[in-house]
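The structure under discussion appears below in the form of structure tokens.
Every number here is computed from the coordinates shown, using simple stated rules; none is lab data. Computed from a prediction, not measured in an experiment: that's the story for all the values here. Counting neighbours? That spans all protein chains shown, and the Cβs are built from the backbone with ideal geometry, glycine included.
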Amino acid sequence: MDDLDLETTFPDERLELIFTCCHPALSLDAQVALTLRTLGGLTTDEIARAFLVPPATMAQRLVRAKNKIAAAGIPFRIPAAHLLPERLAAVLAVVYLIFNEGYGGRSDLADEAIRLGRALAELMPDEPEVHGLLALMLLHDARRDARLRDGELVLLEEQDRSAWDAAEIAEGRRRLERALALQGRGPYVVQAAVASLHADEPRDWRQIAALYGELSRLTSSPVVELNRAVAVAAAEGPGAGLALADTLDLDGYRYFHSARADFLRRLGRAGEARAAYERALALATAEHERRFLLRRLAELGD
């Protein structure tokens, strides 16, 4: 291994281990999944949900990754400082998926992800995507205390803004400004820009939709396109959002069905909305999400 002063290079032991596991000989998906399983504290089912694949498929991916490591004799050791950038994409993905799992209900994981994000910013201060990811997590986490009421999910537009953490929003925006000053235009910087706009009142939905369009170009992600559909619905009406959503292949994604249900409800198509809410309910695992969907179904009536 190249000489490396670990004490000065890595400000955090868990971050050191994540960089070690994100070996470029593995595919990006395999790096992320294996690191989440071994170091992130996530179960195979939780990782599968994050990747939108069945648990059995994710279990097979993990086994294949471990077999490749054994067969190829891939050395799992701390990379030299000049090799860190080639592992950064996987490391960022790991940290963000840990945060997302925590944001869904496990606050300990969200706190851990933000701590890792701060350590990353210290380790790689000139990487705009590092600052973009930290900004994104801070801007989302600022709304944590307003997301639930009596054990039920509260949509952003219905949240009590006085419960938002103003200091976290301010820091998130400072981190975003730093990323933009570094000429950042990557996926995490764009997502942070969207999150910053969501903190405005009123929200500029056309600008949000435009940013999601750019993010879709960068990622080719159907989930991003679903988010764009929500923004388009807010800017142009639920019919426009539904038309965009119905082009997507996301049948196993609960938020796809809950978004479609909302569009259909607003269009007065109660029967179709009910079916979509019921499909979302069948896929939901978090109790606060299930309570929200049950309330929406009750509001539709018979």
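Summary of computed values
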{"read-out": "Region 132-203 - Rg (one decimal) and Dmax (whole number), Cα, Å", "value": "12.6, 43"}
{"read-out": "When the convex hull of its Cα atoms is projected in every direction, mean area for the chain (nm²)", "value": "16.1 nm²"}
{"read-out": "Dipole moment magnitude, nearest 20 debye, the chain about Cα centre, only Lys, Arg, Asp, Glu C-beta charged", "value": "840 debye"}
{"read-out": "Using distinct alpha-carbon pairs, which all enter the 1/r mean, Kirkwood radius of region 115-245 in Å", "value": "15.4 Å"}
{"read-out": "Degrees separating the helix 166-181 axis from the principal Cα axis of the chain, which is the longest one", "value": "60 degrees"}
{"read-out": "Positive-end residue of G268, P187, A284, charge dipole of region 156-302 with Cβ unit charges", "value": "P187"}
{"read-out": "Relative contact order (%) - the chain, alpha-carbon pairs under 8 angstrom, separation at least six", "value": "12 percent"}
{"read-out": "Ratio of the Cα radius of gyration of region 172-302 to 2.2 N^0.38 Å, where N counts its residues", "value": "1.15"}
{"read-out": "Mean separation of Cα contacts under 8 Å (6+ apart) over length of region 111-173, as relative contact order %", "value": "33 percent"}
{"read-out": "Positive-end extreme of charge dipole, region 196-302 - chosen from G213, A233, L300 (charges on Cβ)", "value": "L300"}
{"read-out": "Computed [θ] at 222 nm, deg cm²/dmol, the chain (DSSP H ≥ 4; -39,500 (n - 2.57); rounded to nearest 500)", "value": "-22000 deg cm²/dmol"}
{"read-out": "R0 of 25 Å, Cβ-Cβ distance K66-R14: FRET efficiency to nearest 0.05", "value": "0.75"}
